[in-house]
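Reviewing the structure listed below.
The values are calculated or read from the model by the stated rules, or taken from the named source; none is laboratory data. Everything numeric in this text was worked out from a predicted model, so none of it was measured. Cβ atoms come from the backbone with ideal geometry, glycine included; neighbour counts cover every protein chain shown.
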Amino acid sequence: MQKTRLVGLLALVLVLALAGTSAMAQKAAVYDDLPDLEGREIVVAVENFYTPFQFVDPRVEGPIGFEYDVVEEVCRRLNCVPVYENTTFEFQLQGVAQGDFDMAMNGLFITDERQENFDMTIPYSQAETFLLVRADEARFSSVEAFIELAESENLIWGVQNNSFGQVLAGEIYPVPQSQVITVDDFGALLVALQNGDIDAMAVDAFGGEFISTTGDAFMLIGEPLVEPVPLGLLFQSGSDLVEPFNAALQSMTDDGYLDYLVYKWSVDFQPVAAE
């Protein structure tokens with residue numbers, strides 16, 4: 001009888017010890033100085049069409065990119081689980097505003113207008129902006145020349161709806177509005193540029209370098225259109241996720257992890273056509 005009780009007690013001690021070890025291991029995966037989101041699922045709106053931030057590479061299974069690495073690392077540090085939902089850029093913003101998604105990532109510049117309607121994180125990087133044109137473009141080589149010739153040469157500047165390109169072509173630079181067309185999809189802009197339906201579009205240096213080095217269809221011209229603009233992750237106004245995400249991003253800045261990701265995606269990674 002005593003032997004049976006002893007075996008039972010030993011079994012109980014073993015179960016408790018294993019439970020404690022499991023709990024300690026789970027906690028060890030979370031940075032002690034960061035909030036613990038306790039495995040919370042975070043629904044992330046993506047488009048997967050903006051290299052190098054989020055895109056499909058035929059050499060690997062599933063989408064990859066700078067922002068995937070950022071969010072995965074944030075959730076590793078906060079103990080959360082990102083769940084990615086593929087949608088268009090227009091519906092990304094609309095869906096976040098309506099609460100259909102917890103957040104959106106798409107190489108989003110932190111602008112005053114966006115911050116009036118959404119909450120955005122502290123920057124995870126910053127980017128300069130250039131004009132992207134067809135590789136054989138010879139009529140202009142700067143934004144100033146484009147503006148000067150826009151009406152006489154019927155040059156068209158294409159912008160994506162709700163993007164920073166709209167601000168550039170409508171507020172920062174005096175582009176004749178008769179020479180500006182707006183579309184909802186970034187991919188459609190690239191097709192329009194390649195086909196000659198538009199003659200220029202604004203892209204950040206990250207994406208522009210990838211686009212211009214993965215074939216001979218496009219090139220970047222001129223000087224940066226504006227000073228470097230910070231990039232952030234976008235949330236619904238009042239989201240309780242902004243503060244923990246900011247804390248994680250700050251820790252990734254402090255320990256150099258974000259610098260590593262910038263190097264990985266702007267220097268180390270080789271696009272398919274560049275191999």
Residue hits (region 146-170; modelled with pLDDT of 95 or more, buried (at least 16 other Cβ atoms within 10 Å of the Cβ) and part of a helix (DSSP H, G or I)) are Phe146, Ile147
Residue set Asn48, Asn86; condition touching a Phe, Trp or Tyr at 6+ places or on another chain (Cβ under 7 Å), without any contact (Cβ under 8 Å) to a residue 60 or more places away in the chain and more than 28 Å from Asp254 (Cβ to Cβ); output residue Asn48
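Do the conditions hold for Val133, that is, is it under 15 Å from Asp197 (Cα atoms), aliphatic (A, V, I, L, M), assigned to a strand (DSSP E or B) and touching a Gly at 6+ places or on another chain (Cβ under 8 Å)?
Details: under 15 Å from Asp197 (Cα atoms): yes; aliphatic (A, V, I, L, M): yes; assigned to a strand (DSSP E or B): yes; touching a Gly at 6+ places or on another chain (Cβ under 8 Å): no.
No, not satisfied.
Can Glu73 be described as assigned to a helix (DSSP H, G or I) and surrounded by 15 or more Cβ atoms within 10 Å (Cβ to Cβ)? Write out each step before concluding.
Working: assigned to a helix (DSSP H, G or I): yes; surrounded by 15 or more Cβ atoms within 10 Å (Cβ to Cβ): yes.
Taking the combined requirement at face value, the residue satisfies it.
Just to be sure, is Glu90 over 23 Å from Ile122 (Cα atoms) and either assigned to a helix (DSSP H, G or I) or modelled with pLDDT of 90 or more (or both)?
Values: over 23 Å from Ile122 (Cα atoms): no; either assigned to a helix (DSSP H, G or I) or modelled with pLDDT of 90 or more (or both): yes.
For Glu90, the condition - over 23 Å from Ile122 (Cα atoms) and either assigned to a helix (DSSP H, G or I) or modelled with pLDDT of 90 or more (or both) - is not met.
Can you name the residue in region 25-65 that is assigned to a strand (DSSP E or B) and touching a helix residue (DSSP H, G or I) at 6+ places or on another chain (Cβ under 7 Å) and is also modelled with the lowest pLDDT among such residues?
Residues of region 25-65 that are assigned to a strand (DSSP E or B), as a first pass: 40-46, 50, 54-56, 63-64.
When the remaining residues are screened for being touching a helix residue (DSSP H, G or I) at 6+ places or on another chain (Cβ under 7 Å), the result is 42, 44-45, 50, 54.
On the way: Ile42: 99, Val44: 99, Ala45: 98, Tyr50: 85, Gln54: 92.
This residue is Tyr50.
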In region 138-152, anything under 29 Å from the mean Cα position of the chain (by Cα) and under 19 Å from Ala217 (Cβ atoms) is listed as Ser141, Phe146
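Checking the conditions here, which among Val262, Val242 is at pLDDT below 95 and under 19 Å from the mean Cα position of the chain (by Cα)? Steps first, please.
Numbers: Val242 fails: at pLDDT below 95.
Only one candidate qualifies: Val262.
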Checking Ala200, Ala217, Ala205, Ala248 in turn, the sole residue that is in contact (Cβ under 8 Å) with a residue 60 or more places away in the chain, within 30 Å of Arg134 (Cβ to Cβ) and touching a Pro at 6+ places or on another chain (Cβ under 9 Å) turns out to be Ala205
